[in-house]
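Remarks on the structure that follows.
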């Protein structure tokens, strides 16, 4: 109503009349004609939510690019994989970061698919979906006009009565945002664990140092950015429950709880946008691998006994593993003591190329593509990288085949070849 009054008075002043001359232009009879808060507000909420997701996609894609670049940087950093927090089998740190990126790619696809449901609107439904007090063909015409104004493929609801009372689209969308929040929180949990230490934790990576961690403990630095994102995720997860209850609380032909849905949905999107940007710029882009720590942990691990399983058999490997734990020895030491294999054979088995299959090393085309994406804000850099991709493809393929076992050598050569003088 207030909007109608403001518009009416502005129109009156424009025509030379005094404010309040509602006998000339009336807030209800003229401005609000054929409209209702029960169809205009829900339509506005859907469009506002649709547009707000554009920035979220931008921030997620930036984070995916940063994670993929890190996966390229770390693709030859050997480390120990873990299941249930226990030593499992070797992997690369690059593979771990690539998995983070893949987690988020799935969410981008899902949210994009889900937001298309926002384009079904009930404009023209008026009070309860029957279109009372509207001229014939009004709903179809107003939808076409709004479609032309927005450029969006808006669709009039199949059943306007149902569309006026139902908030199911927000349940679906909020669930996808919750899913994204859960994934982000999982990534941050891993970052906190991988950076734990520096002397008594995993200490496989170092996060950027942003602030002093304690007023009483000198030299302590905390993983504050992942912790912040964890807490944002908790809030978004809670917001999803609020939206669920609000959608459930609708009665008969109208859901009067849409205001809290609008508030909470907008809050979740804004929180995720800010959290993702912060995680990207203040954490992921500055992550450094502690390569020696990672490698030493692999070679001390009992988990690498798995590679001897096809050679020595499961029972013997189980016996060796238990002996290593009991006597605080490495797998190599026990195997050599028992004369089971030579040092040369062990070196072959525990070589990088044998411990890590080729699927753990990201194809050079994908790595190169993300170098290209990373240059997206600088057109000259984009064109340079793209030209190098086209010209040097065969050379890169040859280098990848020849140098893959040489751990970091190929990664460095790729950077030299792809982004010279950039």
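Listed here are the residues, each with its yes/no results for (1) closer than 24 Å to residue 114 by Cβ; (2) out of contact with any helix residue (DSSP H, G or I) (no Cβ under 6 Å at 6 or more places or on another chain); (3) modelled with pLDDT under 95.
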| position | (1), (2), (3) |
| --- | --- |
| 180 | yes, no, no |
| 189 | no, yes, no |
| 192 | no, no, no |
| 204 | no, no, no |
| 229 | yes, no, no |
| 248 | yes, yes, no |
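For beta carbons closer than 6 Å, sequence separation of 6+ or different chains, a first residue in segment 20-33 that is more than 13 Å from residue 3 (Cα to Cα) and a second that is in a loop (DSSP other than H, G, I, E, B), the qualifying pairs are 24/17.
If you go through segment 68-94 and keep only what is buried (at least 20 other Cβ atoms within 10 Å of the Cβ), under 18 Å from residue 203 (Cα atoms) and out of contact with any strand residue (DSSP E or B) (no Cβ under 8 Å at 6 or more places or on another chain), you end up with 70, 71, 94. Kindly indicate which of 310, 259 is loosely packed, with under 13 Cβ neighbours inside 10 Å, without any contact (Cβ under 8 Å) to a residue 60 or more places away in the chain and under 30 Å from residue 55 (Cα atoms). Step by step, each of 310, 259 is checked, and only 259 is loosely packed, with under 13 Cβ neighbours inside 10 Å, without any contact (Cβ under 8 Å) to a residue 60 or more places away in the chain and under 30 Å from residue 55 (Cα atoms).
For residue 298, the stated conditions hold: it is touching a helix residue (DSSP H, G or I) at 6+ places or on another chain (Cβ under 8 Å) and closer than 30 Å to residue 63 by Cβ.
Looking only at segment 11-25, decide whether some residue is in a helix (DSSP H, G or I), closer than 30 Å to residue 140 by Cα, outside the structural domain of residue 170 (by TED's automatic domain parsing) and out of contact with any strand residue (DSSP E or B) (no Cβ under 8 Å at 6 or more places or on another chain). Scanning segment 11-25, I find at least one residue that is in a helix (DSSP H, G or I), closer than 30 Å to residue 140 by Cα, outside the structural domain of residue 170 (by TED's automatic domain parsing) and out of contact with any strand residue (DSSP E or B) (no Cβ under 8 Å at 6 or more places or on another chain), so the answer is yes. Only one of the numbered conditions (1) modelled with pLDDT of 95 or more; (2) surrounded by 16 or more Cβ atoms within 10 Å (Cβ to Cβ); (3) over 30 Å from residue 290 (Cβ atoms) is not met by residue 104, and that is (3). Please verify whether segment 49-63 includes one or more residues that are crowded, with 22+ Cβ neighbours inside 10 Å and touching a strand residue (DSSP E or B) at 6+ places or on another chain (Cβ under 9 Å). Within segment 49-63, not a single residue is crowded, with 22+ Cβ neighbours inside 10 Å and touching a strand residue (DSSP E or B) at 6+ places or on another chain (Cβ under 9 Å).
Among the residues of segment 127-157, those that are closer than 17 Å to residue 46 by Cβ and in contact with a helix residue (DSSP H, G or I) (Cβ under 8 Å, 6 or more places away or on another chain) comprise 129, 139, 146, 150, 152, 153, 154, 155, 156, 157. Of all the criteria given as (1) out of contact with any helix residue (DSSP H, G or I) (no Cβ under 8 Å at 6 or more places or on another chain); (2) at pLDDT below 95; (3) not in a helix (DSSP H, G or I), the one not satisfied by residue 362 is (1). Among the residues making up segment 251-301, those that are part of a strand (DSSP E or B) and over 22 Å from the mean Cα position of the chain (by Cα) are 251, 254.
Restricting attention to segment 206-216, the residues being in contact with a helix residue (DSSP H, G or I) (Cβ under 7 Å, 6 or more places away or on another chain) and either modelled with pLDDT of 95 or more or surrounded by 17 or more Cβ atoms within 10 Å (Cβ to Cβ) (or both) number 2. Restricting to segment 217-234, and then to whatever is touching a residue at least 40 places away in the same chain (Cβ under 8 Å) and within 16 Å of residue 269 (Cα to Cα), can you tell me which residue is surrounded by the most Cβ atoms within 10 Å (Cβ to Cβ)? Ranking the qualifying residues of segment 217-234, first place goes to 229.
The values are calculated or read from the model by the stated rules, or taken from the named source; none is laboratory data. Not measured: the values here are computed from a predicted model. Neighbour counts are summed over all protein chains in view; Cβ atoms, including those assigned to glycine, are modelled from backbone coordinates with ideal geometry.
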